[in-house]
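Input: a single structure, listed below in structure tokens.
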Amino acid sequence: MTELLRQVGITEGQVVLDIGFGNVEELLAISALVGKRGSVIGLEKTPEHAKQVLATLQEPPAKISILESSAEQIPLLDESVDLVLCKGVLHEIRDLKRALSEMIRVLRPQGTLTIIDFQPIRRVKFILYWIAATISQQRLCEDRHPGFSREEIARLLSPYHLEIDYQGLETIGRLGWLEVPLFLARARKTR
């Protein structure tokens, strides 16, 4: 995980917002990379997960904080973070336009939005996965989008005048039982 976080470009002294962070280990790894001068904010929409992480941390280091909210409504000031990390979450967001607008809003000038998610899979395969996941979980599956191509990321981010770098990763992720190729997109705020 630390190698992937280094690829993201996390450096000492940054304020990093991790949207939908995976676990305590991820927050601690980011915390180690930002060092004593930086800080990490974990954003989690599920109150149970946020409470579980806080309980695991027991006494969170001063530089790690947890916020309960969604990507569509980030409770931070404008231009307050250096890097927004959206890892394995974009495909679950209902209102992509609003969420991306919020992510850009909280970025400082020259800040970076980093997205790691899965490259597109065939729509039929995604629909079959979604139906099976909904049945097996006995609730609606939260996955909303069948992945994102370079063109889709560029289209979604075009209103914000960002410098965008999209690269396919050799890393394979998992969407339920499906193995999916991942991508890394970095979008630098130029204004």
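Scan segment 37-62 for residues that are part of a loop (DSSP other than H, G, I, E, B), of a type outside the set (A, V, I, L, M) and modelled with pLDDT under 90 and jot them down.
LYS45, THR46, GLN58, GLU59, PRO60, PRO61, listed by residue number.
Every residue, every condition in (1) of a type in the set (A, V, I, L, M); (2) open to solvent by less than 70 Å² (accessible area, probe 1.4 Å); (3) free of Cβ contacts under 8 Å to residues at least 60 places away in the same chain, yes or no:
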{"position": "VAL24", "(1), (2), (3)": "yes, yes, yes"}
{"position": "ARG37", "(1), (2), (3)": "no, no, yes"}
{"position": "ALA50", "(1), (2), (3)": "yes, yes, yes"}
{"position": "SER65", "(1), (2), (3)": "no, yes, yes"}
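Residue by residue through segment 9-25, note down the ones that are closer than 21 Å to ILE74 by Cα and modelled with pLDDT under 90.
Within segment 9-25, GLY20, PHE21, GLY22, ASN23, VAL24 qualify.
Can you confirm whether GLU44 is charged (D, E, K, R), more than 22 Å from GLU79 (Cβ to Cβ) and surrounded by fewer than 18 Cβ atoms within 10 Å (Cβ to Cβ)?
no
With the structure loaded, tell me whether THR11 is β-branched (Val, Ile, Thr) and either within 22 Å of HIS145 (Cβ to Cβ) or in contact (Cβ under 8 Å) with a residue 40 or more places away in the chain (or both) or whether it fails that test.
Here the answer is no, as THR11 does not meet what is asked.
Out of the residues in segment 9-22 that are open to solvent by less than 20 Å² (accessible area, probe 1.4 Å) and in a strand (DSSP E or B), which is farthest from LEU83 (Cα to Cα)?
In this case the residue turns out to be ILE19.
The values are calculated or read from the model by the stated rules, or taken from the named source; none is laboratory data. Predicted, not measured: the structure shown is a model, and the values here were computed from it. Don't worry about glycine lacking a Cβ; one is built from the backbone with ideal geometry, like all the others, and counts go over all protein chains shown. The accessibility values were calculated without ligands, DNA or RNA, using every heavy atom of the protein model including side chains. Shrake-Rupley method; radii C 1.70, N 1.55, O 1.52, S 1.80 Å.
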